[in-house]
Amino acid sequence: MADRVTVIGWDGSPLTAAARSALSAATLVAGAAHHLALPEVPPAAERIRLGSLGLAARRIAGHRGTAVVFADGDPGFFGVVRTLRAPEHGLEVEVVPAVSSVAAAFARAGMPWDDAQVVVAHPRTLRRAVNVCRAHAKVAVLTSPGAGPAELALLLGPVHRTFVICEELGTDREQVSVLTSDKAADHSWRDPNVVIVIGGGVQAPAAEPGWLLGQSAAHSAERGWARPQDDTGEGEGESAQLRAAQLARLGPRTGDLVWDIGAGSGAVAVDAAALGAAVIAVDADPEACARVTVAARKRGVQLQVVAGRAPHVLEDLPEPDVVRVGGGGAAVVAAVADRRPERIVSHASTRDEAEAIGRTLTEHGYAVECALLQSVGLDPRTWAEQDRSVVFLLAAQRPVTR
């Protein structure tokens, strides 16, 4: 086992005294090519080019001597420290931090970043990273080969954003480019890079401070979701109880893409966006699409509105994680099930319609539950009945494959 492991963060600045001291005693040095080329690396030390972190950690754990591991930026921020500290390696780790690449990127852009989301994009997480960029007005993306600026832009498609692309931060080849997302796919970008993705929403006033990382001060402070219909007409067409049950079954979260088909007033779509998910609201009625846009602006969230009639309009949409079918019946549900989202919820006003939807979902391999929901609104001043709703709620879940 290595006698000591020191992880040195590198941001292009001269090495600190603590970093130079650890490096001078190293018998093994691991890092990227530009780290191993530093003049302070002892000539006699064994050198490991970092590729697979797990493999490097096993080699370091089996080394008898003193090891140093280089990492770009702050190694404790989405970095190598987590891998090295895994229990199976049994390593004692000391860390010499540096400015994180995210902080450096925002510094180059001259922007604050306490209100930014930060995501890591690998080929396996790229789609979820793109969904965060759809849902939030300011996102820093730590990229990787195969999941860089061009791939981000291609998956964003018609959702336009501004990209601030910071290549090879801290090196003499550092370059910062600002361009619209539709142009990013036309270039080749050097790794490593950080992409700041901006746009699509109302930014917080510069003088208004936030208090929680990743949250904009401009975000709606209004509490709750699935709220009752108010004087503005928000929530029109479905009871608050039905919308609450639908959201509970969908469970939208950060990184998800939600389809809301037959969005109506936009109440469900806006609530899903407020919970952190990316949302595409679909409706055949142009006036309904306009209402969804207004509702999103009022709530301080962003979503994509698509005008068109399902199921045909769904063909060109990106893959969803969860879907609410607010209209269209079994035919639309079948088209949605063909895309294999994790969860689907729908509702029906008659038992025959509920049975048709349930049968369609079952035939597509989903586990289906159905409940008859009845809600009665009462005036608390007189306890007189105001409105009554009776509806079948269908919730379907795709079986987990192992």
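The values are calculated or read from the model by the stated rules, or taken from the named source; none is laboratory data. The shown structure was predicted, so the numbers you read here are calculated from the model rather than taken from an experiment. No Cβ is skipped: glycine too gets one built from the backbone with ideal geometry, and neighbour counts run over all protein chains shown. The protein model used for the area step is the full one, side chains on, heavy atoms only, and it has no ligands, DNA or RNA in it. Shrake-Rupley method; radii C 1.70, N 1.55, O 1.52, S 1.80 Å.
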Next item on the list: Would you mind classifying segment 1-90 by shape? Square roots of the alpha carbon gyration tensor eigenvalues, ordered a ≥ b ≥ c; an a/c under 1.5 is rounded, otherwise it is prolate if a/b is larger than b/c and oblate if not.
Entry: oblate
Checklist line | Solvent-accessible heavy-atom area per residue, rounded to whole Å², over segment 237-289 at 1.4 Å | finding: 26
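So with the 1.4 Å probe, I'd like the accessible area per residue for segment 74-201, rounded to whole Å². The partial results should precede the final answer.
Numbers: 5840 Å² over 128 residues.
With the other protein chains kept in place, segment 74-201 gives 46 Å² per residue.
What does the extension gain come out to for Ala32 and His187, with contour length at 0.36 nm per residue minus their alpha carbon separation?
On the way: separation 155, 0.36 × 155 = 55.80 nm, distance 2.39 nm.
So the chain would gain 53.4 nm between Ala32 and His187.
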Checklist line | Simple label model, 7 Å out from Cα along Cβ direction - Thr180 to Leu55, nm | finding: 4.3
Notebook entry, point to check: For the chain, which whole-number percentage of the solvent-accessible area (1.4 Å probe, protein heavy atoms only) is attributable to carbon and sulfur atoms?
Noted result: 52
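Rounded to the nearest 0.05, what FRET efficiency is calculated for Ala371 and Leu212 with R0 set to 41 Å and r the Cβ-Cβ distance?
Details: r = 36 Å, r/R0 = 0.88.
Between Ala371 and Leu212 the formula returns 0.70.
Taking the highest mean first, how do the peptides 344-351, 15-22 order by number of other beta carbon atoms within 10 angstrom per residue?
Values: 344-351: 19.8, 15-22: 15.1.
Output ranking for 344-351, 15-22: 344-351, 15-22.
Among bridges DSSP assigns within the chain, what percent are antiparallel (round to 5)? Let's see the in-between values first.
On the way: 36 of 75 bridges.
Of all bridge pairs located within the chain, approximately 50 percent are antiparallel.
Rounded to the nearest 20 debye, what is the charge dipole size of the chain about its Cα centre when +1 sits on each Lys and Arg Cβ and -1 on each Asp and Glu Cβ? Write out the running numbers ahead of the final one.
Values: 39 positive and 46 negative charges, 201 e Å.
Approximately 960 debye in magnitude.
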Check: From the residues Leu55, Val176, Ser375, which one has its Cα farthest along the dipole of the chain in the positive direction, the dipole being from +1 and -1 charges on Cβ of Lys/Arg and Asp/Glu about the Cα centre?
Finding: Leu55
Notebook entry, point to check: Under a plain spin-label model, where a point goes 7 Å from the Cα along Cα-to-Cβ, how far apart in nm are Ser389 and His122?
Noted result: 4.2
Next item on the list: Report the residues of segment 130-151 in range of a label on Arg339: point 7 Å along Cα→C-beta, backbone N strictly under 17 Å from it.
Entry: 130-132, 134-135
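Under a 1.4 Å probe, what is the accessible area of segment 312-364 per residue, stated in Å²? Please list the in-between numbers first.
Working: 2410 Å² over 53 residues.
Averaged over the residues of segment 312-364, the accessible area is 46 Å².
Helix-only estimate, please: 222 nm mean residue ellipticity of the chain, summing -39500 (n - 2.57) across DSSP H runs of length 4 or more and dividing by its residues, to the nearest 500.
Values: 13 runs with 113 residues, N = 402.
That calculation yields -8000 deg cm²/dmol at 222 nm.
Taking the Cα centre of segment 307-402 as origin, sum charge times position over the Cβ atoms of Lys and Arg (+1) and Asp and Glu (-1), and report the length of that vector in debye to the nearest 20. Write out the running numbers ahead of the final one.
Numbers: 11 positive and 14 negative charges, 35 e Å.
Here the size comes out at about 160 debye.
Treating only the Cβ of Lys, Arg, Asp and Glu as charged (+1, +1, -1, -1), what charge dipole size does segment 238-369 show about its Cα centre? Round to the nearest 20 debye. Numbers along the way, then the final one.
Numbers: 14 positive and 18 negative charges, 93 e Å.
It comes to approximately 440 debye.
Shape call for the chain from the C-alpha gyration tensor, a ≥ b ≥ c root eigenvalues: rounded (a/c under 1.5), prolate (a/b greater than b/c) or oblate? Present the calculation step by step, with values, prior to reporting the outcome.
Details: a/c = 2.50, a/b = 2.12, b/c = 1.18.
Prolate is the answer for the chain, as a/c is 1.5 or above and a/b outweighs b/c.
Run the numbers on the chain and let me know its relative contact order in percent, using alpha-carbon pairs under 8 Å that are six or more apart. Mind dumping the intermediate values first?
On the way: 842 pairs, mean separation 42.6, N = 402.
Reported as a whole number, the value is 11 percent.
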